[in-house]
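To start, the structure itself, in structure tokens.
The values are calculated or read from the model by the stated rules, or taken from the named source; none is laboratory data. Quick caveat, the model's predicted, so the values are computed rather than measured. No Cβ is skipped: glycine too gets one built from the backbone with ideal geometry, and neighbour counts run over all protein chains shown.
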């Protein structure tokens, strides 16, 4: 499983089981996760890699650039995650 900056993942354990997050950073074999709502950018979730499932989705390039520069808002992050999920599941129709 290759989880990099900007990957979209689903939590598989803990209180947040089933929630979808974006990978903001990696530290000491763990991931920093944010969704822009429950886990805001100011206080990301620290989670072990084995406790997430890769959804094979990534944030848009525009949002990744904004994350790196620190110019992003929680609202933009949330909308991009939501849009990525919507596009993936519309393709099954």
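Pull up the range 36-53, narrow it to residues that are touching a helix residue (DSSP H, G or I) at 6+ places or on another chain (Cβ under 6 Å) and on the phi < 0 side of the Ramachandran plot, then point me to the one that is surrounded by the most Cβ atoms within 10 Å (Cβ to Cβ).
Per the stated criteria, the residue is 41.
Among the residues in the range 9-16, are any at pLDDT 95 or above, closer than 19 Å to residue 87 by Cβ and within 14 Å of the chain's Cα centre (by Cα)?
Yes.
Checking residue 24 against (1) outside any strand (DSSP E or B); (2) within 11 Å of the chain's Cα centre (by Cα); (3) at negative phi, which single condition isn't satisfied?
Single failed check for residue 24: (1).
Given the criterion in a strand (DSSP E or B), at pLDDT below 95 and exposed (fewer than 12 other Cβ atoms within 10 Å of the Cβ), identify the matching residue among 87, 56.
After applying the criteria, what remains is 56.
Can you find even one residue in the range 63-80 that is under 22 Å from residue 2 (Cβ atoms) and part of a loop (DSSP other than H, G, I, E, B)?
So far as the range 63-80 goes, no, none of its residues is under 22 Å from residue 2 (Cβ atoms) and part of a loop (DSSP other than H, G, I, E, B).
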